[in-house]
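Beneath this line is the structure, given in structure tokens, with notes to follow.
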Amino acid sequence: MAIVELKNVVKNYGGHKGSKDSANAVENFNLLTEDGEFVVLVGPSGCGKSTTMRMIAGLENNTGGEIRISGRDVSAVPPKDRDIAMVFQSYALYPHMSVFENMAFSLRLKKTPNDEVKRRVNEAASILNIEHLLERKPRALSGGQRQRVALGRAIVRQPQVFLMDEPLSNLDAKLRVDMRAEIVKLHRKLGVTTFYVTHDQVEAMTMGQRIVVMLDGKIQQVDTPQNLYERPNNMFVAGFIGTPSMNFLRAKIASDRRALEGESFRFKAEGARGTALDTHTANEVWVGVRPEHLRYVEDSGHGAGLENMMRGTIEVVEPLGAVTMVQVQIDDARVTAQLDSHVQVTLGETITLACAGEKLHLFDADSEQALGLEQPVSEPLSAAV
Amino acid sequence: MDSITTTQPVHSGKAAKAQRKVASAPTRRLMAPAVIFLFVWMIVPLVMTLYYSLQNYNLMMPTMRSFAGILNYDLLFSDPTFWAALGNTLLLVAACLIVTVGLGLALALLFNRTFIGRGAARTLAISPFFIMPVVTGLIWKNMMFHPVYGLISWALRALGLEPVDWLAHHPMMSIVIMISWEWTPFALLILLTGLQSLPEDQIEAVRLDGANKWQEFRHIVLPHLGQVLYVVVMLESIFFLTSFAEIYSTTGGGPGTATTNLPYYIYLGAFFQYDIGSSSAAAIGAVILANIFAIFLIRFVAGNLNAGSQR
Amino acid sequence: MTESRLTNTLLTLLTYAVAIVMFFPILWMFLTAFKTEQTAFDIVPHFLFTPTLDSFKLALAQGNGYWHYAFNSALSAVASTLIGLVLAVPAAYAMAFFPSKRTDFTLVWMVSTKFIPAVGVLIPVFMVYKSLGLLDNIWGLTMLFTAMNLPLIVWMVYSYFKDIPKDIIEAADIDGAGTLQTMVKVVLPLALPGLASTGLLALILAWNESFWSLTMTDHKAATLAVFIASFKSAEGLFWAKMSAASVLTVTPIIILGWFAQRQMVRGLTFGAVK
Ligand SMILES: Nc1ncnc2c1ncn2[C@@H]1O[C@H](COP(=O)(O)OP(=O)(O)OP(=O)(O)O)[C@@H](O)[C@H]1O
Ligand SMILES: [Mg+2]
């Protein structure tokens, strides 16, 4: 168990100037973990998640900044002396060794006495329910079993930090959900500081105590799942977290600096968001609304013009059973709304959707940064969706 | 060689230190033995050959050594035997390549079918590849090509034809036959493996598209074999360019200069005329010829490296 | 349907015929080796005859005796293969798992030395060996075999190593294995089939090598190539003995080749066939 600290960490692969590789793969990465925290790194492909992990592991050198594990600067420490264990996406099991030998390998290298090796391997195997597989070779295992062995190999070492790089992405959907729960349980049991990489935001939300959202090598936001969902820092995070994605509408700011208007919608900025607009100089702003916050409004004949409502034609209807997804054309944007399934809608119909004022998100039209974020009410770390 | 260091451009001095400490494997130390060995046994002698080629140096008169400039090359270029040897070398390489690749491809297609006894038949067919070239020369020269007692003569007589003195009247063709006999199995073996790695579904898809056998071969099989063919051609070129034992044990380069290729020409010059200087000049010629072929291989190797690093 | 079955049968028969034609000179050599000189050298070929081992007895006693040459061949082939592997494995390991722009260059350079023909270095090697007393010396010859095969061995081992996922090497690194331990405990066991086939190919090439044997050795270090070349002027006088000597020369390597044919190919195609 340990506190991991990354200070202004930079990685550049040193490609030729002008080529794609010449940009920093990771830029100014700052993070201080709690002891025993479960941190998830999430972001689209190529954003630098693996690179960050590999720098913590020591498989890659950081080009700048420093990495501390339990206060010790590890920049010049080889992977084996960093007291970390890594679980690879490909599992990277040694194909020529039995499951037992796979798990025992690191202990054997440290010349651990034989009975100690046996005890620790058996202990890990029983935690993971793979005792009956110990004599098999990896090729005789299913994907899920290999995954467990890979975890077991990490557990046996009793490291200060676990690093897991997309460990579940080779499993089928059902197994992935099971293993997800199991890894969380394992973390609770062992209490080891864990870094977990995924590009699946559902995985990130359900597993992470804190989530690091990355894009193009830069941290976009570090927060609890709840805060990421409720108070995204910018449009990227807002769109990345939550399924279906948040809807964005381009709105004009009216002269009263409160009303936000388009041809077929009208919103009102309240509270901190409203105050933020007072000092905002631009005339336009992005309004973000999550599909699950949109409500169907019986058409009262008033049409648009009412506060916090929008009106448009239904272009797509997707009944999913419990809910119905509809896509509505609002000005030049497609807005997705998640409606109760008892609401009867038909294709081509013009409907009115409403959203509570406090659920609106505002973003600067140019920088795409959030406007008027309220300070979060202090939340317990273990918040999960 | 100072070309084997591993350090990459790094930004701050501190990180540079870390770079060396953490991830730099002892690359230089691991590669040094092989590099040094090849350097001492190949590059150093090559440079010495170049040096000798600029010397007046005959082992019959070892004390009369002097700088010759390009004299040896002048002599070489005015020696009709050299040109004959160069022509023979090219002819040999070209003919053997055509025969082995063409025949090898045809045989590979034959052997790629499923039939009873396929393993045994294949094993028999590839056996010539394991025969020592000197033995090949002796067997063919005596028991196959002999104008009176050879099997081929017997067969021709049995068919009512006139026996042929192969080595005397068709010397180059005889050499090509022997070398092709040794190397067709090699082409067969590798092309067959290439064929077997062709995904079944590609063939099925093209059949569903209504392609006939020839179109199937032309548009699916051949492109798939492209890279493998390339390997066969390049490796065979290396060996064909340096053919020696088959000639040494049969024609001895004759009759006249009919089967004298560059290696044999150099061998004769050095070991029978003791002329170090001009033999070295000829050797440099052989190296240059080989390097023209090498350029292609190197392209292939380099291309392969790039493909590999994209994994 | 019947027509295509007919074609099928004909093609199969053709394949058998091709196999037999390819193998026939070897078969004929084996048959001749068991004949008397009279039956061997006859205007009508004899397919049926009473086998005799006389020619083998004579062949075994040829020159310094068969075993002298066979020992030299075996020693130089095995030793050059082992030395080649010992030199190539670390180099290929470094290039496969710690590549940089310069290692690419080095690999290409190493492979390209295979394109320096033996005659290109023959004269200096001969002169230097002569002054160092390495002429007709089995170790001098072994080193030449090594130099001849090293580029191919490096390339083949490299292509086998490239097939090992990099993740596994990194896992070993994190598990605490040093370079040597990773090489010995992880990489070598995984590449063992590949190393074996590489070794077999190098062995076959070295055993059959004739150019250096004929030019650099004479008596003491003479290999089977020299032994068999002494029959060069047989001219019908001792075909049976020559065949017996040939059989003695090629049999070990044919058997090795038969067993190794499958393994050999993958390495030989330079990784072009997966
Ligand atoms: N060895 C390398 N050499 C050069 N560039 C690299 C190397 N490894 C990664 N990169 C580059 O660094 C950037 C970040 O890559 P990284 O592997 O960290 O992404 P990732 O977030 O893990 O993506 P994914 O979800 O696809 O695994 C990418 O642009 C990638 O092309
Ligand atoms: Mg990744």
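The values are calculated or read from the model by the stated rules, or taken from the named source; none is laboratory data. In this text the structure is predicted, and so the values were computed from the model without any measurement. Note: ideal-geometry Cβ built from the backbone for every residue, glycine included; neighbour counts use all protein chains shown. The area values use the complete protein model at the heavy-atom level, side chains included, leaving out ligands, DNA and RNA. Shrake-Rupley method; radii C 1.70, N 1.55, O 1.52, S 1.80 Å.
Brief remarks follow.
- C:Ala196 open to solvent by less than 30 Å² (accessible area, probe 1.4 Å) and on the phi < 0 side of the Ramachandran plot: no
- Subset of segment A:203-218 [assigned to a strand (DSSP E or B), open to solvent by 40 Å² or more (accessible area, probe 1.4 Å) and within 11 Å of ligand 1 (Cβ to nearest atom)]: A:Leu215
- Criterion: in contact (Cβ under 8 Å) with a residue 60 or more places away in the chain, more than 20 Å from the chain's Cα centre (by Cα) and assigned to a helix (DSSP H, G or I) - qualifying residue of C:Phe126, C:Phe145: C:Phe126
- Any hit, segment A:21-43, residues being part of a loop (DSSP other than H, G, I, E, B), within 12 Å of ligand 1 (Cβ to nearest atom) and within 14 Å of chain C (Cβ to nearest Cβ): no
- Residue match in segment A:85-104 (condition: assigned to a strand (DSSP E or B), in contact (Cβ under 8 Å) with a residue 60 or more places away in the chain, more than 16 Å from ligand 1 (Cβ to nearest atom) and within 10 Å of another protein chain (Cβ to nearest Cβ)): yes
- Exactly one residue among A:Arg82, A:Arg108 is within 10 Å of another protein chain (Cβ to nearest Cβ), over 19 Å from A:Lys7 (Cβ atoms) and of a type in the set (Lys, Arg), and that residue is A:Arg108.
- Every condition in (1) open to solvent by 40 Å² or more (accessible area, probe 1.4 Å); (2) within 9 Å of chain C (Cβ to nearest Cβ) holds for B:Phe244 except the one numbered (1).
- Members of segment A:27-68 that are polar (S, T, N, Q) and either more than 16 Å from ligand 2 (Cβ to nearest atom) or open to solvent by 10 Å² or more (accessible area, probe 1.4 Å) (or both): A:Asn28, A:Asn30, A:Thr33, A:Ser45, A:Ser50, A:Thr51, A:Asn61, A:Asn62, A:Thr63
- Comparison of A:Leu133, A:Leu168, A:Leu186 shows that the only residue that is away from every other protein chain (no Cβ under 14 Å), within 16 Å of ligand 1 (Cβ to nearest atom) and either modelled with pLDDT under 90 or over 20 Å from C:Ala172 (Cα atoms) (or both) is A:Leu168.
- A:Phe248 being part of a strand (DSSP E or B), within 16 Å of ligand 2 (Cβ to nearest atom) and more than 9 Å from the chain's Cα centre (by Cα): no
- Complete set of residues in segment A:156-195 that are farther than 22 Å from A:Arg210 by Cα, touching a residue at least 40 places away in the same chain (Cβ under 8 Å) and open to solvent by less than 50 Å² (accessible area, probe 1.4 Å): A:Val156, A:Arg157
- Lone qualifier among B:Ala211, B:Ala187, B:Ala120 - being farther than 29 Å from C:Ser233 by Cβ, in contact with a helix residue (DSSP H, G or I) (Cβ under 9 Å, 6 or more places away or on another chain) and not in a helix (DSSP H, G or I): B:Ala211
- Residue identified as more than 30 Å from B:Ala270 (Cα to Cα), at the interface with chain C (Cβ under 8 Å from one of its Cβ atoms), open to solvent by less than 70 Å² (accessible area, probe 1.4 Å) and not aromatic (Phe, Trp, Tyr) among B:Ile131, B:Ile139, B:Ile126, B:Ile116: B:Ile126
- Residue within segment C:40-51 that is surrounded by fewer than 23 Cβ atoms within 10 Å (Cβ to Cβ) and in contact (Cβ under 8 Å) with a residue 60 or more places away in the chain present: yes
- Scan segment A:47-64 for residues that are of a type outside the set (A, V, I, L, M), closer than 21 Å to A:Asp35 by Cα and facing another protein chain (nearest Cβ under 9 Å) and the total you get is 2.
- Yes/no for A:Asp200 being more than 16 Å from ligand 1 (Cβ to nearest atom), modelled with pLDDT under 90 and surrounded by fewer than 19 Cβ atoms within 10 Å (Cβ to Cβ): no
- Within segment A:37-67, the residues that satisfy the criterion of being within 12 Å of the chain's Cα centre (by Cα) and aliphatic (A, V, I, L, M) are A:Val39, A:Val40, A:Leu41, A:Val42.
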